[in-house]
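Student: Would you mind keeping the following structure in view while I ask a few things?
The values are calculated or read from the model by the stated rules, or taken from the named source; none is laboratory data. In this text the structure is predicted, and so the values were computed from the model without any measurement. Positions of Cβ are generated from backbone atoms using ideal geometry, with glycine treated the same way; all protein chains shown enter the neighbour counts. These area figures cover heavy atoms from the full protein model, side chains too; ligands, DNA and RNA do not enter into them. Shrake-Rupley method; radii C 1.70, N 1.55, O 1.52, S 1.80 Å.
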Amino acid sequence: VEGRVLGRDEQPVADAAITLWRMRRPTDAPLHTDEEGSFSFACLLENRGGFTVRHDTYQTHYENIGSEAPSEPIVIRMKPANGVGGRVVNENGDAVPWARVSARTEGDRRRNESTHADEFGRFRFHSLREGTWEIYPWASGYERIEMLKVVVPFEGELILRMERVHVPDPASIRGRAVLP
């Protein structure tokens, strides 16, 4: 099976990961596209086989081959990953400018992405992979109220709410400290 993976403006997508399903390969080595976006593999088909193409900046693509390998090279045109965006606001609905917004996958705590809100509290992730993500804001002087779970691909706008940290005036705190 031979093919080519193309992205935006018909440009080749290098280093896309390809995994097979219902097909057996002579080696278990991972398969990736080269600089030209090309790939090839030899396999034994079992009934209806296929493969999956994954890349961080594109939606996952599933290609069904069937019971026989195609005679012509396969051309796969990847779709851009769905962007997730929204606003960070305080308890009054006013923007929280320059807040950091983080996203982590539900299953793998090591896979994190982050971005920053602009001066109007707007933010956007451009390359979140498909799956379930926990999204939360952080800003100095604020604490987050909630952490949102989002399933990508996602359509719509998120509203991340924060509230100001309530710190009493240090001059008004009175009391007695007892040391052991």
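Student: Which residues, counting only those in the stretch 121-149, are over 22 Å from Val165 (Cβ atoms) and over 17 Å from the mean Cα position of the chain (by Cα)?
Tutor: Scanning the stretch 121-149 gives a single hit, Arg122.
Conditions tested, residue by residue: (1) part of a loop (DSSP other than H, G, I, E, B); (2) among the hydroxyl-bearing types (Ser, Thr, Tyr); (3) surrounded by fewer than 18 Cβ atoms within 10 Å (Cβ to Cβ).
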| residue | (1), (2), (3) |
| --- | --- |
| Glu68 | yes, no, yes |
| Asn92 | yes, no, yes |
| Glu143 | no, no, yes |
| Lys149 | no, no, yes |
| Met162 | no, no, no |
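Student: Quick check on the stretch 75-90: of everything there that is small (Gly, Ala, Ser) and buried (at least 19 other Cβ atoms within 10 Å of the Cβ), which residue is nearest to Trp21 (Cα to Cα)?
Tutor: First, pick out the residues of the stretch 75-90 that are small (Gly, Ala, Ser): 81, 83, 85-86.
In the following step, the residues that additionally are buried (at least 19 other Cβ atoms within 10 Å of the Cβ) were identified as 81, 86.
On the way: Ala81: 22, Gly86: 36 Å.
Once the filter is applied, the top-ranked residue is Ala81.
Student: Now, a different point. Can you find, within the stretch 1-60, the residue that is most open to solvent (accessible area, probe 1.4 Å) among those that are among the hydroxyl-bearing types (Ser, Thr, Tyr) and not in a strand (DSSP E or B)? Please lay out each step first, then the result.
Tutor: Kept after step one, since they are among the hydroxyl-bearing types (Ser, Thr, Tyr), are these residues of the stretch 1-60: 19, 27, 33, 38, 40, 52, 57-58, 60.
Okay, now just the ones that are also not in a strand (DSSP E or B), so 27, 33, 57.
Numbers: Thr27: 66, Thr33: 10, Thr57: 49 Å².
Within the stretch 1-60, the match that is most open to solvent (accessible area, probe 1.4 Å) is Thr27.
Student: Take the conditions exposed (fewer than 12 other Cβ atoms within 10 Å of the Cβ), in contact with a Lys or Arg (Cβ under 9 Å, 6 or more places away or on another chain), of a type in the set (Asp, Glu) and not in a strand (DSSP E or B) and apply them to Glu72. Does it pass? It would help to see each step written out before you state the result.
Tutor: On the way: exposed (fewer than 12 other Cβ atoms within 10 Å of the Cβ): yes; in contact with a Lys or Arg (Cβ under 9 Å, 6 or more places away or on another chain): no; of a type in the set (Asp, Glu): yes; not in a strand (DSSP E or B): yes.
Here the answer is no, as Glu72 does not meet what is asked.
Student: Look at the stretch 127-141 and say how many of its residues are part of a strand (DSSP E or B) and touching a Phe, Trp or Tyr at 6+ places or on another chain (Cβ under 9 Å). Please lay out each step first, then the result.
Tutor: First, pick out the residues of the stretch 127-141 that are part of a strand (DSSP E or B): 131-138.
Subset that is touching a Phe, Trp or Tyr at 6+ places or on another chain (Cβ under 9 Å): 133, 135, 137.
Looking only at that region, the number is 3.
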